[in-house]
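Derivation of every value follows stated rules applied to the coordinates shown; laboratory data play no part. If you're wondering where the values come from, they're calculated on a predicted model, not measured in any experiment. Positions of Cβ are generated from backbone atoms using ideal geometry, with glycine treated the same way; all protein chains shown enter the neighbour counts.
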């Protein structure tokens, strides 16, 4: 079955005369639970919810594993770290990975006695740091630099040393890349981004092969209270059905825009894994089905980058990425990432690519004239 069909049917209830396709939303804290609570499928809202069940079933079908939903991408990340790491353990992570993830590791887990080793995503550099580690964390393409590493090669090297592997799969989504199929132990994503794609909710999930790990993650979620709201889950499941259509359009637009930006002498350090000229392209085509909606490039300096963003009429200046609306930001304004002041992270949406290119062209020309 092809992805366009799978995402539309994922998590649907079995056909039954007169019943709705979906259960709709269940808002509940307590459930009717008489006598022995183990005889009831649902008992209390922090433990489980039928709306979660249906969405997690959909994600499980797509991930090829067992999915557990969380209140945010960071809650999902924290659950993997919290269930797998103990004082004295070593985590190997990308030095160019998502900034808030690095903050969580360095400001919280290091204080608990976890040791950190860092290496860049490019050239599978983390392999050299695996001996004696407990967990290898990958992010490919990296955010925001869009470097690519070889998941299968790193997984093999890690497993040979008894090291668990987690992959942050937020940028490509499960339709763009399947970490579990490439051997990873954990597939982690912020569903706030392209998976749901409408910039109107905050969610995350973790998918695993092993039911024991799924149970640990659920226990963490219950005890930490990192639970998703049923309304958010229902919106996410509804949005999931259009993922393939949205992602196909976004990635097609992203490649078209990247090809246009290649023609601009005022644009440097252009990165998009879908470009044949990109350093990560040969590897990306081996492990990715979609190259994601994010393009990055550099303008001359902070002033030029800000002038460009101000001159755009269709491109919204905003953080986050993966939505149907095209957004962009000067990423250095936040600090924490090793990017220059003129670095732009562009999240390409579903608008007509001709309109987007026209908007970018006039904005870039305005910056050039002002300079």
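Quick look at the values:
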{"quantity": "On Cα atoms only, tilt of 50-63 relative to the major axis of the chain in degrees", "calculated": "60"}
{"quantity": "FRET efficiency for residue 318 and residue 32, using Cβ-Cβ distance with R0 set to 35 Å, rounded to 0.05", "calculated": "0.20"}
{"quantity": "Proxy reagent accessibility, fewest Cβ within 10 Å first, across 77, 8", "calculated": "8, 77"}
{"quantity": "Length gained when the stretch residue 115-residue 303 is fully extended (0.36 nm per residue, less Cα-Cα span)", "calculated": "63.8 nm"}
{"quantity": "Relative contact order (%) - the stretch 246-370, alpha-carbon pairs under 8 angstrom, separation at least six", "calculated": "27"}
{"quantity": "109, 27 arranged by Cβ crowding within 10 Å, fewest neighbours leading", "calculated": "27, 109"}
{"quantity": "Relative packing of peptides 333-339, 208-214, 288-294 - highest average C-beta neighbours within 10 Å first", "calculated": "288-294, 208-214, 333-339"}
{"quantity": "Crossing angle, helix 302-311 versus the chain [Cα axis fit, 0-90 degrees, rounded to tens]", "calculated": "80"}
{"quantity": "FRET efficiency estimate (nearest 0.05) - Cβ-Cβ, residue 198 to residue 365, R0 25 angstrom", "calculated": "0.20"}
{"quantity": "Added length on full extension, which subtracts the Cα-Cα distance from 0.36 nm per residue, residue 106 to residue 264", "calculated": "53.0 nm"}
{"quantity": "Exposure proxy order (Cβ contacts within 10 Å, fewest to most) of 347, 142", "calculated": "142, 347"}
{"quantity": "Between helix 230-240 and the chain: long-axis angle, C-alpha atoms, 0 to 90°, nearest 10", "calculated": "60"}
{"quantity": "Helix-only CD estimate at 222 nm, as mean residue ellipticity for the chain, using -39500 (n - 2.57) per DSSP H run (n ≥ 4)", "calculated": "-11000 deg cm²/dmol"}
{"quantity": "Normalised contact order of the chain, rounded percent, pairs of Cα under 8 Å and 6 or more residues apart", "calculated": "16"}
{"quantity": "Gap separating the Cα centres of the stretch 202-249 and the stretch 262-321, nearest whole Å", "calculated": "28"}
